[in-house]
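Worksheet for the structure shown next.
The values are calculated or read from the model by the stated rules, or taken from the named source; none is laboratory data. These figures come from a predicted structure and were not determined experimentally. Note that each Cβ is placed from the backbone with ideal geometry, even for glycine, and that neighbours are counted across all protein chains shown. Surface areas here come from the heavy atoms of the whole protein model, side chains and all, with no ligands, DNA or RNA. Shrake-Rupley method; radii C 1.70, N 1.55, O 1.52, S 1.80 Å.
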Amino acid sequence: MHFYLTCIQIKTNLFKIMNLKCVVIDDEQHAIEVLTDHIAEMPGLTIFKTFTSPVQALTEIKIDDEIDLLFMDIDMPGINGLELAKNIREKAKYLIFTTAHPDYALQAFDVQSDQYLLKPISFAKFALGIDRILKKEALNNKASAPKEPEQVAALYIKGDHKYAFSNIAIDEILYIKALQNYIQIITKNETHTTYLTLKEIEKALETHAFIRVNKSNIVAKSAIKKVDGNIIRLVNNEMIQIGEGYKDAFFAYVQSSLLKSNRNQ
């Protein structure tokens, strides 16, 4: 592969994660056991209560319980998880739906869910889904301290001859578009074309704030101005459609950054 790519990484500090109190609601005892086993294996989590009856959960869960993570099935008898969430969402810091049905993802977004895990839930799937919440919680609990100056991350791409390279500041990139055997890197002021695949550039940017939104586009999260249904509008007013296979991950990211009110809706 005839290219040269170097990425200067931004250094980050590691934060200690406090124990987060977990509640599991599922009408199937086996599903509860799977989740409680995963929670026991995951550093930073601890079981508080479990419920097989959504009605019992509705009456017994109190705001004074100070629940951190609420794991909830959707398809349950009596009161389904979406209805239950409308009544007890304010009693937990984070809401994670655990369901065998992918069709509820957008409805879960409406009741301010933080994660949407599809059954069967392996430990790997569980850990990846919860890791973002743990990192967010660790940052929220980090004691205030003076920040060290951040290095500007740079990306070097090959130019038009052997010793020609272009330096691109990563925080200037708006989005990246695949063009057969090439990619275009669109920044705030210019466009660069280079002989790379989208997969290669995605790998180089995996520690930075970018997200794949369809088969042909990677978008800088900071460049997203507005989301309307399946359409993303960027700060330069270009519009990109969210691909079907990328919706769940994209809306999970949006949900994780959504400002939420604890008031009754």
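From the coordinates of this entry, log10 I(q)/I(0) by the Debye sum over Cα atoms at q = 0.08, 0.09, 0.13, 0.17 Å⁻¹ is computed, and it appears in (i) -0.32, -0.41, -0.87, -1.43; (ii) -0.41, -0.51, -0.94, -1.29; (iii) -0.30, -0.38, -0.78, -1.28 under the label (ii). Dipole orientation for the range 56-128: of the candidates LEU58, ILE121, ASN87, ILE121 has the Cα lying most toward the positive pole (charges on Cβ; Lys, Arg +1; Asp, Glu -1).
Ligands, DNA and RNA left out, the 1.4 Å accessible surface of the range 1-143 is 54% carbon and sulfur atoms. Relative to the longest principal axis of the Cα atoms of the chain, the long axis of helix 247-256 lies at roughly 70 degrees. Think of each Lys and Arg Cβ as +1 and each Asp and Glu Cβ as -1; about the Cα centre, that makes the dipole of the range 86-240 roughly 380 debye.
Go through LEU205, ILE183, LEU259 and say which Cα lies farthest out towards the positive end of the charge dipole of the range 174-265; charges sit on Cβ, +1 for Lys and Arg, -1 for Asp and Glu. Highest projection toward the positive end goes to LEU259. Projecting the Cα atoms of MET76, LEU134, MET239 onto the charge dipole of the chain (Cβ charges, centred on the Cα centre) puts MET239 farthest toward the positive pole.
Pairs of Cα atoms in the range 181-237 fall into 10 Å distance bins, from 0 up to the last occupied one, in shares of 20, 55, 24, 1 percent. Per residue, the range 154-257 exposes 55 Å² of solvent-accessible protein surface, assessed with a 1.4 angstrom probe and all protein chains in place. The alpha carbons of the range 213-263 occupy a box of 39, 25, 17 Å along the principal axes, longest dimension given first.
Which value at 222 nm does the chain reach when only helices count, each DSSP H run of 4 or more adding -39,500 (n - 2.57), with the total divided by all residues and rounded to the nearest 500 deg cm²/dmol?
Numbers: 7 runs with 69 residues, N = 265.
For the chain, the value works out to -7500 deg cm²/dmol.
Mind checking the angle between helix 29-41 and the chain's longest principal axis? C-alpha axes, 0 to 90 degrees, to the nearest 10. The angle comes out near 50 degrees.
Summing Cβ point charges (Lys, Arg +1; Asp, Glu -1) relative to the Cα centre of the range 1-143 gives a dipole of roughly 820 debye.
Helix 123-140 versus the longest principal axis of the chain: what angle, 0 to 90°, nearest 10, using Cα atoms? On a 0 to 90 degree scale, this one is about 80. Just to verify a number: FRET efficiency for VAL254 and TYR195, C-beta to C-beta distance, R0 = 30 Å, to 0.05? Computed FRET efficiency for VAL254 and TYR195 comes out at 0.35. Protein heavy-atom accessible surface, 1.4 Å probe, per residue over the range 1-143: 55 Å².
Each Lys and Arg adds +1 at its Cβ and each Asp and Glu adds -1 at its Cβ; summed about the Cα centre, the chain shows a dipole of about 960 debye.
Just so you know, the Cα atoms of the range 154-257 work out to an Rg and Dmax of 13.7, 45 Å.
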